[in-house]
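Please read the structure below before turning to the comments.
The values are calculated or read from the model by the stated rules, or taken from the named source; none is laboratory data. This structure is a prediction, so every number in the text was calculated from the model and none was measured. For neighbour counting, all protein chains shown are included, and Cβ atoms are generated from backbone atoms with ideal geometry for every residue, glycine included. Remember, those area values only see protein heavy atoms, side chains included, never the ligands or the DNA or RNA. Shrake-Rupley method; radii C 1.70, N 1.55, O 1.52, S 1.80 Å.
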Amino acid sequence: LVITRSLWSSLGTQTFLPRRLLMGTIPSCLLDDYAFWQNEDSSLSGYARPERADATKAPSMIKVHLTNIGAADDSGFDKAQATAKIQKYTLKSAVTMESPPEIDEDQPVLTLMAAVTATPGTPLRTLAQVFLRLDNLSHVLFWSTEKGRQVSQVDLPRLGISFSCKDKGGQVAYFCDQHSGLFVSNNRDDSLLELLKGMPHSLLLQNANEEFFILVGATVKPMHPQVETDPFTGALLLNRSDPEWIENVGEVRHYLYPVHVSRMFLVMPTLAASLYLLLLRFLDRAYADVFRMADSCVSDTALSPEEAQIFALLEWTMMDNDPDAHACRLKISLATSASKDIMSCPWSVADELAGYAACAAPPRISAPCRLTVQEELSLLATVSDNSKSPAVKNREMFLLALQAGGDQDVGPVIYPARPELRNYDEIADTSAVRSQGMDMSSLQMPMYSPPDEMMGPTAIRWLNEIVDSGLTMGASGLSITGVKAVGFLVCYELMTGTLHSRILPGDCSHTLGALLVRLMTPADTTSEGFMPSTLRIMACNYWKRIHWSPLPDATYMPNYRTEMKRLVEEEKGKGINKYIGKVTDLFAQGKAGQNFIGMIHKALSNMKGDLQMPQATMETSNAPVHLHIRELSHSSRLEYGLVTPRSVDVSCAERLVGAVAAGSVEFTTEQIRDLGMQPMQPIGLDKFIQPGASAAGAEEPKALTADGNWAFEIEQHSVAKTKMATDMVTRLKSDMELYADMCKNKIPPVLVGFEPENLQEYVDNPNGRGVNNAIRKMEDLRKKCEELHSQDNSLVVSAINEVLALANYTGAEDGDDVASKQFALKQYAAYSPKMWFELLVSFLINSQGEAELMALNPFLDSDQAAR
């Protein structure tokens with residue numbers, strides 16, 4: 001089927017080209033947005049698909065100019081070759097059947113540059129590698145104007161963003177068109193790189209004020225690849241073309257995370273962005289970040305399709321059985337417990353509590369991810385008793401005792417049911433040395449190919465092979481090397497010393513054989529018989545007693561290799577056997593095996609008085625039914641992982657801030673005063689700002705009446721009668737009264753040189769000296785503000801580092817105190833709490849902040865905590 005049309009005489013007849021014929025030659029994103037028709041001159045014209053039209057952008061069309069290489073192909077097998085030049089034209093209006101395309105000559109023509117074939121090391125290839133982080137090259141378009149070969153515009157249609165090339169201080173920078181002032185950053189600060197971890201599909205942006213942002217594509221569906229050799233891989237598998245995932249993403253198809261000025265964490269702009277970052281951090285196994293973010297990833301309204309699909313993808317984290325992963329899933333369950341009808345977690349809280357309890361004592365959960373006692377009890381209350389494992393029930397009793405203050409008995413302790421297993425040591429089989437009732441004719445020696453002597457890694461591989469293939473009394477299968485895994489004869493030769501395989505040169509083969517006996521299947525080791533009894537007796541006796549001896553009169557175990565060879569040859573020479581041919585080997589081997597078993601029986605019987613016989617030694621234990629929970633000291637709670645780095649108190653009414661000096665950071669009293677009263681005083685604010693005219697007659701706030709009452713009634717409402725509500729109303733009244741006084745006495749400041757009379761002069765004489773002076777004044781003010789901003793940023797980063805170093809100080813580097821070094825090592829391993837910036841900030845509004853800080857770090861004194 002060939003579809004043609006003749007809509008406009010200027011273009012003649014056009015032939016429709018299906019998408020499938022152009023795939024691989026034209027970028028996929030252009031095929032998504034444009035429908036292509038071939039013109040009479042063989043060129044192609046692409047017209048915007050109506051369903052993909054973007055009302056916020058000017059209409060455009062694509063033209064593909066072909067340059068033939070060689071002769072035309074008349075065979076119809078697509079052998080003709082050509083090069084293509086793809087260009088984008090801006091149109092004055094959208095194309096319709098009535099109006100042909102009309103190119104806007106005032107707009108530049110953009111030419112597509114082939115980033116796929118760009119030479120390594122060229123600017124285009126380098127730029128392609130940068131934007132490849134955001135999307136596949138099939139959905140990234142690099143456009144150049146006709147005047148030069150430099151990339152002037154980068155479009156990422158699937159993400160709904162584009163970048164334009166602009167000059168920045170004499171250097172080229174790519175500014176985001178959708179986010180004004182942001183451009184691609186080359187900053188590689190360690191703190192920023194730490195924030196970028198786990199986000200391989202992100203791009204770092206910044207503005208002129210050195211404020212940073214991380215751009216992440218929302219159309220990317222992340223998940224963990226299944227790597228058998230690396231079960232704890234942090235690698236991400238990025239699915240950029242899942243149609244259902246992309247369909248559910250909202251109009252804004254990317255997330256922009258502002259970096260906090262401390263460069264310690266990201267600011268969450270939306271719930272979808274918060275959930276997406278939570279998912280990325282979880283897949284990257286950044287458990288501490290996940291734990292801290294959980295409380296901010298909650299909604300009390302129905303989730304959008306975008307938010308719902310991100311939250312549902314947390315199901316992939318259930319494959320992660322790291323102790324901290326259990327803690328993070330429980331924290332998310334706790335955070336969403338009030339919204340469980342909207343945000344139903346895909347995992348079982350009972351199963352996660354069982355995993356958490358198994359790792360809680362001794363604590364294998366890192367300090368930042370530990371739940372408080374109250375949090376654990378809240379989660380336990382949501383699970384029925386029937387769903388709780390014995391470990392979880394015991395943990396609950398322990399936590400309730402701790403909450404009550406300790407020093408009490410708890411019980412009964414619940415133990416899991418003992419599995420019904422038959423133990424090797426329950427049986428004392430001595431049938432191999434009993435003379436009565438032993439029928440040797442019914443016993444058969446299995447076929448066996450004796451292995452060579454092995455040592456070291458070769459021996460380890462051999463042992464793995466025979467154990468993996470199943471170690472039984474008979475020939476249970478072939479190992480990787482093709483040697484039959486005959487458990488009886490392997491163990492027999494090891495314990496008699498004829499197979500002197502070992503791992504280390506000084507190892508005893510008898511010990512190795514005795515261990516392998518225990519690895520046989522229960523069907524062989526828990527039933528009585530000659531072969532299992534023989535191995536049990538040999539395993540119970542020192543190897544020299546049963547070691548094969550070459551002396552003819554010695555009463556030791558027979559050598560399998562020499563005796564079996566002799567017995568087989570004897571059987572082959574008897575009677576009719578020598579005339580049967582190849583069948584002789586089978587009969588001779590069987591008869592010789594029976595004779596060899598008889599030799600084993602005789603040897604064991606002769607040594608019976610000197611051998612130690614197997615004894616049933618299965619031990620039983622009486623586990624305690626009740627336990628006494630003593631009152632734990634703070635150091636014991638810290639050691640047992642019961643002290644969590646958390647600040648829940650927010651009742652600090654005020655906090656005095658004084659001069660402080662720590663390391664390279666120093667805050668004077670004057671700086672603190674300026675910061676609280678006039679933050680911009682260091683630039684010499686008096687040179688730029690002066691008081692304006694009196695504010696007499698300024699309008700007062702209307703929330704309060706003249707007598708200080710509310711202009712509208714709120715105290716009589718039922719909601720306003722609670723203690724919290726009355727405190728809030730009182731606070732609001734006080735604030736409004738203060739604000740009213742400020743309005744009465746306020747004198748608005750004005751910029752020097754921009755008084756009302758000056759402004760009129762600038763309007764009347766725009767080219768006068770006053771205008772130039774005002775411009776220079778503003779440039780000077782801007783320069784000083786930028787310098788102050790840069791200084792403040794550097795000071796903040798330095799101060800944060802100093803504060804963190806002080807809060808985590810243990811003195812381990814200053815002396816030989818063993819306790820401090822142990823605590824520092826535990827901090828490094830996340831066994832003991834280590835403070836982070838957000839936690840220290842939360843202590844500022846904690847009325848017991850200093851005490852709680854010292855409780856988390858016992859090596860801090862009161863002066864250090866106060867600083």
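Pairs are defined by a Cβ separation below 9 Å, a sequence spacing of at least 6 or placement on different chains, a first member in region 608-635 that is more than 30 Å from Arg536 (Cα to Cα), and a second member that is aromatic (Phe, Trp, Tyr) and at pLDDT 85 or above; the pairs so defined are Ala623/Tyr415; Leu627/Phe398; Ile629/Phe398.
Here Pro858 meets the list (1) in a loop (DSSP other than H, G, I, E, B); (2) in contact with a Leu (Cβ under 6 Å, 6 or more places away or on another chain) almost entirely, failing just condition (2). Residues in region 777-798 that are over 16 Å from Ala208 (Cβ atoms) and within 32 Å of the chain's Cα centre (by Cα): 5 in all. Residues that are in a helix (DSSP H, G or I), polar (S, T, N, Q) and open to solvent by 60 Å² or more (accessible area, probe 1.4 Å) are absent from region 836-849 altogether. Sub-8 Å Cβ pairs linking a first residue in region 303-323 that is under 23 Å from His254 (Cβ atoms) to a second residue that is among the hydroxyl-bearing types (Ser, Thr, Tyr) and assigned to a helix (DSSP H, G or I), at least 6 apart or interchain, are Ile310/Tyr276, ordered by first then second residue.
A quick yes/no check of all residues on (1) closer than 19 Å to Trp836 by Cβ; (2) open to solvent by 10 Å² or more (accessible area, probe 1.4 Å); (3) of a type outside the set (Gly, Ala, Ser):
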position	(1), (2), (3)
Met223	no, yes, yes
Thr229	no, yes, yes
Leu238	no, yes, yes
Pro243	no, yes, yes
Glu251	no, yes, yes
Leu256	no, yes, yes
Val261	yes, yes, yes
Pro269	no, yes, yes
Ala273	no, no, no
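Glu228 meets each of the listed conditions (1) in contact with a helix residue (DSSP H, G or I) (Cβ under 6 Å, 6 or more places away or on another chain); (2) modelled with pLDDT under 90 apart from (1). Condition first: among the hydroxyl-bearing types (Ser, Thr, Tyr) and open to solvent by less than 40 Å² (accessible area, probe 1.4 Å). Now tell me which residues in region 275-303 satisfy that. If the condition is that a residue be among the hydroxyl-bearing types (Ser, Thr, Tyr) and open to solvent by less than 40 Å² (accessible area, probe 1.4 Å), then Tyr276, Tyr287, Ser299 are the ones that fit. Just to be sure before I move on: is Ala401 at pLDDT 85 or above and touching a strand residue (DSSP E or B) at 6+ places or on another chain (Cβ under 6 Å) in the structure I sent? In short, yes. Scanning region 63-115 for residues that are β-branched (Val, Ile, Thr) and in a loop (DSSP other than H, G, I, E, B) yields Val95, Thr96, Val109. Scanning region 173-213 for residues that are under 17 Å from Phe282 (Cβ atoms) and touching a residue at least 24 places away in the same chain (Cβ under 8 Å) turns up Leu195, Lys197, Gly198, Met199, Pro200, His201, Ser202.
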